[in-house]
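Data first, discussion second: the structure below is written as structure tokens.
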Amino acid sequence: MNSIEEDQSQASISNQGPSFFQGANGFNVNQQYNIGHQNVKNIATTGTLLDLLNPIPDASYTRNRKTSPPDSNCLPGTRQEVIQKVTSWVDSSLLFNSSHVMWLYGYVGCGKSAIAQAVAETFADRKRLAASFFFFRGSGDRSRVARFATTVAGQVAAAIPATAPYIEAAAKAHAGMLHPSTSLGSQFQHLVYDPIKAVKWDKMGLNVLRGPFLIVMDGLDECDDREEVVTFIEHMLEFFQKNPRVPLRILITSRVEEHIRTRLPVSKQIQLINLVDHTSENDIAIAFRKLFAIAAKHDRVIEAYGEWPTPNDLQQLVKHTGCSFIFMSTIAKFILEPSDDGLTPIHRLPMALNIIDIRASMDYTHRPLPAQSTYHISRGSSTPLFSRRNLYPYSSWQIF
């Protein structure tokens, strides 16, 4: 039982286990797993399987977010409503809620990646995160689909060990399965969906006792291979339509890009969440308080000033953000970031309030801000702030 049978091209399955395990199921001994009274021998160590799949090491929620953005997470107490909505959906029984896919969408900087990170961490703690993948444009492999499926499959094998022999068998049984030229839909079918489906969940009772597993796919719009994304979505929906009881749910976050929006229609199969409808002034206020508190710990001038900002000033800041995290982040950076203008955050706060008062009094969708105001709002950046990438160097501002 301790030897590794590397020359086998598929999992070895025996319907009869040792007599002293009679009646037991859902356990493993070394590299052999008992699944629904079937013994499935894992034909390779985890290391060998990972070598075969060659997953991207910095694509999951455990990545170093400083070096592998997006560097986002939710502050305690923020985004509770939307996180609870996602969590309740994942936890709901497939018998009563047949939707396997949730699309969480919104504009740049509204906190999609922060929520995806928080949800991934939540279900990892519950041992129900099958995989997570955070796309990021311009980051090489994480902006293409070539290693997307194999990376997800590697995480699934680690999170649900009973799938490992099925994943390896599929990788070896289908010529070219791991080659980038193989369609993304086909790779997910054989390396992710089918192995999860193959596990005898009904006999183990895990889908009832623990709930479905979750795969988080963040920033799907940041993948450069748009045509592959389209076929992947179509194939995914087709699979779940044919296999409604597979204990797996998928959370997708993205901007409202045409190639994604048109493939994720309103239906019983898909849950939709527009983040614009789930951002409150309370979330913005909590984020502002946290950022000002962090600044006070590192700035003696702020610390010595006493209560700052005043409740009224904070209320004005929150009011004028329009529940936009990206505008909140822009204002906070303007007030708190060190600069060579000789002004302290204490001096810049009233300037910021004056600027946003000007902004509020104008029809800014049709008329530009005064030149001086535009300069101050975008201080510290020579390019427009409404870009996901431009925000990430300032990691402390990305905690939503």
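The values are calculated or read from the model by the stated rules, or taken from the named source; none is laboratory data. Source: prediction; values computed, not measured. With ideal geometry, Cβ positions are generated from the backbone for all residues, glycine too; neighbour counts draw on all protein chains shown.
When the range 108-144 is filtered for residues that are closer than 22 Å to residue 230 by Cβ, aliphatic (A, V, I, L, M) and buried (at least 21 other Cβ atoms within 10 Å of the Cβ), the ones remaining, listed by number, are 116, 131. Taking the criterion of being of a type in the set (Gly, Ala, Ser), in contact with a strand residue (DSSP E or B) (Cβ under 8 Å, 6 or more places away or on another chain) and more than 23 Å from residue 154 (Cα to Cα), the only residue of the range 55-79 that qualifies is 72.
Exactly one residue among 153, 131, 120, 170 is closer than 30 Å to residue 267 by Cβ, at pLDDT 95 or above, in the same structural domain as residue 198 (by TED's automatic domain parsing) and in contact with a His (Cβ under 7 Å, 6 or more places away or on another chain), and that residue is 170. Tell me, yes or no, whether the range 209-225 has at least one residue that is over 24 Å from residue 159 (Cβ atoms), free of Cβ contacts under 8 Å to residues at least 12 places away in the same chain and out of contact with any Lys or Arg (no Cβ under 6 Å at 6 or more places or on another chain). No; the residues of the range 209-225 include none that is over 24 Å from residue 159 (Cβ atoms), free of Cβ contacts under 8 Å to residues at least 12 places away in the same chain and out of contact with any Lys or Arg (no Cβ under 6 Å at 6 or more places or on another chain).
Would you mention how many residues in the range 328-340 are without any contact (Cβ under 8 Å) to a residue 24 or more places away in the chain and buried (at least 20 other Cβ atoms within 10 Å of the Cβ)? Step through it out loud before you land on a result.
Step one: of the range 328-340, the residues without any contact (Cβ under 8 Å) to a residue 24 or more places away in the chain are 335, 338, 340.
From what's left, buried (at least 20 other Cβ atoms within 10 Å of the Cβ): 335.
Matching residues across the range 328-340 total 1.
Annotation: residue 238 fulfils all but one of (1) touching a Lys or Arg at 6+ places or on another chain (Cβ under 9 Å); (2) of a type in the set (Asp, Glu); (3) assigned by TED's automatic domain parsing to the domain that holds residue 73; the unmet one is (1).
One residue alone among 90, 82, 192 is touching a strand residue (DSSP E or B) at 6+ places or on another chain (Cβ under 7 Å), within 20 Å of residue 240 (Cα to Cα) and modelled with pLDDT of 95 or more, and that residue is 90.
Is it the case that residue 286 is over 21 Å from residue 99 (Cβ atoms), under 23 Å from the mean Cα position of the chain (by Cα) and in the same structural domain as residue 343 (by TED's automatic domain parsing)? Taking the combined requirement at face value, the residue satisfies it.
From the list 143, 88, exactly one residue is in contact with a Cys (Cβ under 8 Å, 6 or more places away or on another chain) and assigned by TED's automatic domain parsing to the domain that holds residue 274. Which is it?
Going through 143, 88 in turn, the sole match is 143.
Does the range 207-224 contain any residue that is of a type in the set (D, E, K, R), assigned by TED's automatic domain parsing to the domain that holds residue 131 and touching an Asp or Glu at 6+ places or on another chain (Cβ under 8 Å)? There is at least one residue in the range 207-224 that is of a type in the set (D, E, K, R), assigned by TED's automatic domain parsing to the domain that holds residue 131 and touching an Asp or Glu at 6+ places or on another chain (Cβ under 8 Å).
Of the residues making up the range 133-181, those that are closer than 18 Å to residue 248 by Cα and part of a loop (DSSP other than H, G, I, E, B) number 1.
Taking the criterion of being aliphatic (A, V, I, L, M) and surrounded by fewer than 16 Cβ atoms within 10 Å (Cβ to Cβ), the only residue of the range 65-107 that qualifies is 95. Considering the conditions (1) under 19 Å from residue 214 (Cβ atoms); (2) in contact with a Leu (Cβ under 7 Å, 6 or more places away or on another chain), residue 113 is excluded by exactly one of them, (2). On inspection, residue 273 qualifies as touching a helix residue (DSSP H, G or I) at 6+ places or on another chain (Cβ under 8 Å) and either modelled with pLDDT under 85 or in the same structural domain as residue 85 (by TED's automatic domain parsing) (or both). Look at residue 176 and say whether it is free of Cβ contacts under 8 Å to residues at least 12 places away in the same chain and out of contact with any strand residue (DSSP E or B) (no Cβ under 9 Å at 6 or more places or on another chain). Judged against the criteria, residue 176 is a match.
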